[in-house]
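The values are calculated or read from the model by the stated rules, or taken from the named source; none is laboratory data. Every value quoted in this text rests on a predicted model; they were computed, and no experiment measured them. Reconstructed Cβ throughout: ideal geometry from the backbone, glycine too, with neighbour counts over all protein chains shown. Note: areas computed on protein heavy atoms with side chains; ligands, DNA, RNA excluded. Shrake-Rupley method; radii C 1.70, N 1.55, O 1.52, S 1.80 Å.
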Amino acid sequence: MSLQADVAHVPFGNVLTELSRNKRHRALHRKLGEFRRLQRNHMPQLSMHVQFATNGSIDDGVAREPEEMPLCLPSDRMIVAFREQVCNANLLRIEEVLRVTLAEELLNNLCRHLRTRSFASKYKIENMVRQRANTCGRQWLATIDRRAMTAAKRYRKSRAALRELRGLGNW
């Protein structure tokens, strides 16, 4: 389960849950600090356009948890206006290749979930006749549907990032 899902589902947990969340927050802060250090090397002009706080977050007066901090990647909408000044062409090409690969992988994942859904639906119709089996079958299909919806959401997000990089047009 992701850190954002933990935060959304368990707003007030017990001591162990809070300890685990704090531990993950600290680890995420360390990773974000390392990412910002690498970002300063590869995108040195970014600091002229975006101000960063010492903890790696964007210094805009809004307190954010580490899982909600924007990363300022070349595909982010917040740097579209000055992307050409901040990123070199090689960095844009590298992110585009990564985004294309991720989109293809997520689309294959979505297709796999839809094929599984189709098989499970046919199996349920042909083989599950009793009420208990039918209930279990519905739960099974609901789980598959949730996974397919998550895969579709991740694909749409990846495709939107790719569209930000490439722009509108024939692709």
Original post:
(1) closer than 26 Å to M78 by Cα; (2) open to solvent by less than 40 Å² (accessible area, probe 1.4 Å): which one isn't true of S121, the others all being true?
Top reply: (1)
Original post:
Among the numbered criteria (1) over 30 Å from N90 (Cβ atoms); (2) at pLDDT 75 or above; (3) open to solvent by 90 Å² or more (accessible area, probe 1.4 Å), which single criterion is violated by E18?
Top reply: (3)
Original post:
Is at least one residue of the range 139-146 loosely packed, with under 12 Cβ neighbours inside 10 Å and among the aliphatic types (A, V, I, L, M)?
Top reply: yes
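I need the full set of residues from the range 82-92 which are in a helix (DSSP H, G or I) and open to solvent by 60 Å² or more (accessible area, probe 1.4 Å), in order please. Before you say what the answer is, go through the steps one by one.
Of all residues in the range 82-92, those in a helix (DSSP H, G or I) come to 82-86, 89-92.
Across the range 82-92, the qualifying residues are E84, Q85, A89, N90.
Right, E95: open to solvent by 50 Å² or more (accessible area, probe 1.4 Å) and assigned to a helix (DSSP H, G or I) or not? If you could, list the steps in order and put the result at the bottom.
On the way: open to solvent by 50 Å² or more (accessible area, probe 1.4 Å): no; assigned to a helix (DSSP H, G or I): yes.
So E95 does not fit the description; no.
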Subject >> Boolean, A161 is small (G, A, S), part of a helix (DSSP H, G or I), in contact (Cβ under 8 Å) with a residue 24 or more places away in the chain and touching a Ser or Thr at 6+ places or on another chain (Cβ under 6 Å) >> reply: yes
Original post:
When only residues in the range 1-15 that are farther than 20 Å from P70 by Cβ and among the hydrophobic types (A, V, I, L, M, F, W, C) count, which is modelled with the highest pLDDT?
Top reply: V15
**OP:** Say whether the condition of being within 27 Å of Q45 (Cβ to Cβ) and in contact (Cβ under 8 Å) with a residue 60 or more places away in the chain is met by at least one residue in the range 138-158.
**Re:** no
Original post:
When you scan the range 98-118, how many residues do you find that are of a type in the set (S, T, N, Q) and either at pLDDT below 85 or surrounded by 13 or more Cβ atoms within 10 Å (Cβ to Cβ) (or both)?
Top reply: 2
Subject >> Residue among R159, R163 that alone is touching a helix residue (DSSP H, G or I) at 6+ places or on another chain (Cβ under 8 Å) and surrounded by 12 or more Cβ atoms within 10 Å (Cβ to Cβ) >> reply: R159
